[in-house]
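J.: Pasting a structure below so you can have a look.
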Amino acid sequence: MSEFLDIALSFPPIVFSFGLLLVVLYWLTVILGALDVDIVDFGTDSDAEVEAGGSIWSAFGFGAVPFTVVLSLWITLGWIVTVLGTTWIRNAEEVAVPGTISGVATLVAGIGVGMLGAKLLSRPLSKVFAEAPATAHRDLIGKVCVVRTSTVTTAAGQAELTEDDGTVHLLNVRRSPHEPPGIEDELFGRHSKLVIFDFDEDEEVFLVVPVAMPPDLEMRGR
C-alpha cells in the first residue's frame, strides 16, 4: 500500500491524482444531491425543449455528453496510464532514460491516451444521450416525480420522472422559496413523491411540492 501511495504521489501520476480526488468528491456530492449534473441537458432555445446532448464537446469529437463526464473520463484514464507507466519504469532494470525525461514522456502519454480513451468512450455514451426524446418543459408540469437525492431544498435536489411510454427523466428540482409554511421537510426526502408545478427559466430547475400536502394546508388552499 505504501508503495502504491508513493507512486500515486510521485511525478507524473500526482498531476492526475489531485484531479482524480476532485472527480471522486464531485460525483459523491452529485449522488448526495449537493450538486447537479446535466444528465439531461435542458435546452435554452425558443421552444424550451428538454434535450440530451448538444454539448460543445461534440464539435471536438467527444459526442453529445456533458463536460463533467468527459473530464472525469480523461482524468481517470490519464491517472491509470501514468501510474502503470511509472510502475513499469521503476521495475524495469534496463531503462537508461533519465527520470525527468521518462516522467515527462509518461505524463504526455497519460494526457494523450486519456484524451483518446475519453473520446472513444464518449461515442457509445453519446448515443444514450442522443436517444432521449425531446420534451417541452411545459409538458412535465403537473406530473409526479420521485426524489432520488437525500432531500430536496431551495438550493439542490434531483428527482426521477417516468413517463407512460417508459421514458425516464432525471430532473433538477427545487422547493419554492414562496411555498406556504407548515410543510414538513420529510415530505421532500428520498423516494418521496412530488408534483411539478412550475419551471424556473432563470435557474433552469423545476419547482415541486409534495403529492401529499398537510390537511390544514389543503383546507387553506380551498
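The values are calculated or read from the model by the stated rules, or taken from the named source; none is laboratory data. None of these values were measured; they are calculated from a predicted model. Glycine also receives a Cβ, built like all others from the backbone with ideal geometry; neighbour counts cover every protein chain displayed.
J.: Can you tell me which residue is surrounded by the fewest Cβ atoms within 10 Å (Cβ to Cβ) among those in segment 137-160 that are farther than 14 Å from P210 by Cα and of a type in the set (A, V, I, L, M)?
T.: Looking at residues that are farther than 14 Å from P210 by Cα and of a type in the set (A, V, I, L, M), I get A155.
J.: Filter segment 2-40 down to residues that are modelled with pLDDT under 85 and among the acidic types (D, E) and give me whichever is nearest to A156 (Cα to Cα).
T.: This residue is D36.
J.: Answer yes or no: is there a residue in segment 51-72 that is modelled with pLDDT of 90 or more and assigned to a helix (DSSP H, G or I). Before the answer, list the steps.
T.: The initial filter retains those residues of segment 51-72 that are modelled with pLDDT of 90 or more, namely 72.
Next cut, assigned to a helix (DSSP H, G or I) only: 72.
The answer is yes, given that some residue of segment 51-72 is modelled with pLDDT of 90 or more and assigned to a helix (DSSP H, G or I).
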